[in-house]
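Trainee: Structure in structure tokens, see below.
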Amino acid sequence: MFDVSRLPRLLSRPGFYLFLTGALMALGFALAHRISERSGREQLSALSTERLELYATNLSAELGRQASLPSLLAIAPTLQALMNAPDDADARRAASQMLARVNVRAGTHQLFVADAEGQVLSASEPLTPPARLREAMAQGRTNFFAADPATGSSDFYLLHPLRQPQQAAAGVIVVRFNLAPLEATWVDLGLRSQNERILVADDQDVVIMSSVQAWKYTVLGHADPSRRRALQASARYPQAIGADLELPASLEVHQGQQVKLPGAKPMLAQQRQLVPLGLRLVALSDLTEVRQRAQAAAWGGAAFGASIGLLLLYLSSRRRALRQLTQAQTQLQQAHAQLEQLVDSRTAELRQANEALKTQIAQRLQTEGELLQASKLAVLGQMSAGLSHEVNQPLTALRALARNSIRLLENGRRDAVATNLQLMDDMVERMSQITRQLKSFARKADEPAGGSTPLLDSVRAALLLLEHRSRALGVQIDVDLTAGQRVRAEANRLEQVLVNLMGNALDAMQHEPLRRLRVRARPLDEGRRVLIQVQDSGTGVSETALPHLFEPFFTTKPAGEGLGLGLVISAKIVHEFGGTLRAVRLERGMSFEFDLAVDTTSTMETADV
Ligand code: ADP
């Protein structure tokens, strides 16, 4: 069973339309062929019927023209006289002369009078009566057909009895027509027209006249041997009965019937009975042209069917394409809407992330500031032990000097007191120098990065801050700098960097036998920049630790001694000055190096500390 719900899917398949096109082509082919052939046959049939009518009229007119001649002659006194005295030679001669005259005038072939036995009594010219005459007379026929045994021509005979009033027939008057001229016109026509054949069959279905000479004296339909022998014996035909002319023996009157003669093309047969003559006229029309036209029409029909199928295919493809287009448009609109939604949500997320980042940056800046300070304090913490020693020592010395001065004053040694006071002043000056440095170091840097700082001063200040440690360790210090060279850096923070680096150097060297700290400056970029190197002869850094040095909280020092922030903060400060801090492994120890811009107004002078 066909499922109706599958129809829309089926209708959207190109294969279905190709199948439909094929079916429409076949249908168009069959229909057009049938219609064209039918109408062609009808036309041909009508034409053929018309012609048949013409031939029939022709033949009837030819025969009917003299139909009344025998009956008229029957009442002629000459012939009456002959009937009264059939053996009278004068009467015969008179009758023959009269018949010859009438024969010429009427245009008939022959006229003769025969007695009841069929013997010729008188004739328009000497003749042998046809073999069928006695049979026809016995049957009381008024006409018959017979072929001339000598010439083979078709002859038609009209008979009329000759009798005395109230008596049986004593003889018969016979009019003979020769149909050869008429047949000749048909043969001529048959030669000229390839499309039409015509034949006349007698009551025995034997063809007695035809436009095709070969068909003459053939039998319509089939004749079995006995019938064939009987026909032969009847002596009605001048020659042997030919092969069967394979036409159906009983053709329907006025109705086109297709027949096929062996070795010939199919033909349309039409038949017309010539009742009074006992003959029938058959016309055979060639169907080739009709068939050719039907063939052409069939291809036309197929083309029409194909064009309808292809049109449907085109329409369906168009509909499908339009549907796909609409679908694509809808999808596009949906995608667009989704995209807009996505963009909106992403924008909102970005805004949030931006806010969060701002907050983080603010927090980070705050933390960084705090860390910077913490690192300083850590350095201060480390230094505090040494510092207290540094301050206590002068204080003890001051106390001793003060007490000594009192005693010297009591002894009146004012010069020695003055020397003591000078020494005390120097010590106080040194102490205040240390505290000043400490104060300035501990102060939180508020000024922006920049400014111009004498490099040597910063190095000296840093060394001073670490002096107690370096002295305690007995470190050899080399400073190789250009005096008066100024660099683009803020003094306090540059100092912080130097204190960090030198502090680390002292840490690294404290257990080493050789302790040497070098601070050097090398010109870079044609003197526009300077590379500051802080080198030590300490333990150095392992290859694996090297990449982690500038990471926050990376330290190898025992807990409480190292924060792991010194290098991170130093690198950040140098970066703010526009330089880069790097760690380089030396054969013995480390070199921490950073570059700074040179203040070009600085004076060139080498100094050693
Ligand atoms: P901290 O000194 O608090 O540990 P730093 O950031 O200043 O933090 O230094 C990190 C680490 O780098 C130190 O723990 C040490 O291992 C190494 N380091 C720094 N300077 C030197 C140096 N001059 N020689 C050897 N190791 C060093």
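Trainee: Looking at (1) under 30 Å from Leu401 (Cβ atoms); (2) charged (D, E, K, R); (3) modelled with pLDDT of 85 or more, can you tell me which one Asp426 breaks?
Mentor: Asp426 satisfies all of (1) under 30 Å from Leu401 (Cβ atoms); (2) charged (D, E, K, R); (3) modelled with pLDDT of 85 or more except (3).
Trainee: If Leu463 passes every condition in (1) at pLDDT 90 or above; (2) farther than 25 Å from Arg516 by Cα but one, which one does it miss?
Mentor: Among (1) at pLDDT 90 or above; (2) farther than 25 Å from Arg516 by Cα, Leu463 violates only (2).
Trainee: Inside the stretch 4-40, can you point out the residues that are touching a residue at least 24 places away in the same chain (Cβ under 8 Å) and among the polar types (S, T, N, Q)?
Mentor: Matches in the stretch 4-40: Ser12, Thr21, Ser36.
Trainee: Condition first: hydroxyl-bearing (Ser, Thr, Tyr) and outside any loop (DSSP other than H, G, I, E, B). Can you find one or more residues in the stretch 29-37 that meet it? I'd like the intermediate steps shown before the answer.
Mentor: Let us first name the residues in the stretch 29-37 that are hydroxyl-bearing (Ser, Thr, Tyr), namely 36.
Within this subset, residues satisfying the condition of being outside any loop (DSSP other than H, G, I, E, B) are 36.
Yes - at least one qualifying residue is present in the stretch 29-37.
Per-residue answers, yes or no, for (1) free of Cβ contacts under 8 Å to residues at least 24 places away in the same chain; (2) buried (at least 19 other Cβ atoms within 10 Å of the Cβ); (3) within 60 Å of the chain's Cα centre (by Cα):
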position: Glu53; (1), (2), (3): no, no, no
position: Thr57; (1), (2), (3): yes, no, no
position: Glu62; (1), (2), (3): no, no, no
position: Asn84; (1), (2), (3): no, no, no
position: Ser96; (1), (2), (3): no, yes, no
position: Arg105; (1), (2), (3): yes, no, no
position: Gln119; (1), (2), (3): yes, no, no
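Trainee: Sort through Phe550, Phe592 and tell me the only one that's modelled with pLDDT of 95 or more, within 16 Å of the ligand (Cβ to nearest atom) and not β-branched (Val, Ile, Thr). Explain how you work it out, then say what you get.
Mentor: Values: Phe550 fails: modelled with pLDDT of 95 or more.
On inspection, the qualifying residue turns out to be Phe592.
Trainee: On the basis of being modelled with pLDDT of 85 or more, aliphatic (A, V, I, L, M) and in a helix (DSSP H, G or I), does Leu342 make the cut? Full working, then the answer.
Mentor: Numbers: modelled with pLDDT of 85 or more: yes; aliphatic (A, V, I, L, M): yes; in a helix (DSSP H, G or I): yes.
Here the answer is yes, as Leu342 does meet what is asked.
Trainee: Between a residue in the stretch 545-556 that is in contact (Cβ under 8 Å) with a residue 12 or more places away in the chain and any residue that is of a type in the set (Lys, Arg) and within 6 Å of the ligand (Cβ to nearest atom), which pairs come within a Cβ distance under 9 Å, given they are 6 or more apart or on different chains?
Mentor: Nothing qualifies.
Trainee: Yes or no: the stretch 557-575 includes at least one residue that is within 15 Å of the ligand (Cβ to nearest atom), in a strand (DSSP E or B) and modelled with pLDDT of 90 or more.
Mentor: No, the stretch 557-575 has no match at all.
Trainee: Pro523 is checked against (1) closer than 16 Å to Arg585 by Cα; (2) surrounded by 13 or more Cβ atoms within 10 Å (Cβ to Cβ) and fails just one. What number does that condition carry?
Mentor: Status for Pro523: all satisfied but (1).
Trainee: Then there's this: Going by what's in this entry, would Arg38 be described as exposed (fewer than 13 other Cβ atoms within 10 Å of the Cβ), under 28 Å from Arg291 (Cα atoms) and at pLDDT 85 or above? Outline the logic, then answer.
Mentor: Numbers: exposed (fewer than 13 other Cβ atoms within 10 Å of the Cβ): yes; under 28 Å from Arg291 (Cα atoms): yes; at pLDDT 85 or above: yes.
Here the answer is yes, as Arg38 does meet what is asked.
Trainee: Just the residues that are among the acidic types (Asp, Glu), near the ligand (Cβ under 10 Å from one of its atoms) and out of contact with any helix residue (DSSP H, G or I) (no Cβ under 7 Å at 6 or more places or on another chain), please, taken from the stretch 513-547.
Mentor: Keep residues of the stretch 513-547 that are among the acidic types (Asp, Glu), which gives 525-526, 536, 543.
Add one more test, that the residue is near the ligand (Cβ under 10 Å from one of its atoms), and what stays is 536.
Result: no residue meets the conditions.
Trainee: Out of the stretch 530-560, which residues are surrounded by fewer than 15 Cβ atoms within 10 Å (Cβ to Cβ) and at positive phi?
Mentor: Across the stretch 530-560, the qualifying residues are Phe553, Gly560.
Trainee: Shifting gears a bit: Which residue, of Ala89, Ala138, is exposed (fewer than 13 other Cβ atoms within 10 Å of the Cβ), over 18 Å from Pro276 (Cα atoms) and modelled with pLDDT of 85 or more? Before the answer, list the steps.
Mentor: On the way: Ala138 fails: modelled with pLDDT of 85 or more.
Ala89 is the lone residue from the list that is exposed (fewer than 13 other Cβ atoms within 10 Å of the Cβ), over 18 Å from Pro276 (Cα atoms) and modelled with pLDDT of 85 or more.
Trainee: Considering only the stretch 487-508, state which residues are surrounded by fewer than 23 Cβ atoms within 10 Å (Cβ to Cβ), aliphatic (A, V, I, L, M) and near the ligand (Cβ under 8 Å from one of its atoms).
Mentor: Result: Ala508, single match.
Trainee: Sticking with this structure for a sec: Within the stretch 177-193, can one find any residue that is in a loop (DSSP other than H, G, I, E, B), more than 22 Å from Ala61 (Cα to Cα) and modelled with pLDDT under 75?
Mentor: Our first condition is that a residue be in a loop (DSSP other than H, G, I, E, B); within the stretch 177-193, this holds for 179, 193.
Narrowing the set further to residues that are more than 22 Å from Ala61 (Cα to Cα) leaves 193.
Checking the rest, the ones that are also modelled with pLDDT under 75 come to 193.
Within the stretch 177-193, one or more residues are in a loop (DSSP other than H, G, I, E, B), more than 22 Å from Ala61 (Cα to Cα) and modelled with pLDDT under 75.
Trainee: Further, regarding this structure: Which of the numbered conditions does Arg582 fail, given that it passes all the others? Conditions: (1) of a type in the set (Lys, Arg); (2) more than 30 Å from Thr367 (Cβ to Cβ); (3) surrounded by 13 or more Cβ atoms within 10 Å (Cβ to Cβ).
Mentor: It fails just one condition, (2).
The values are calculated or read from the model by the stated rules, or taken from the named source; none is laboratory data. Only a predicted model underlies this, so the values are computations on that prediction, with no experimental measurement involved. Using ideal geometry, Cβ is built from the backbone for each residue, glycine included, and neighbour counts are taken over all protein chains shown.
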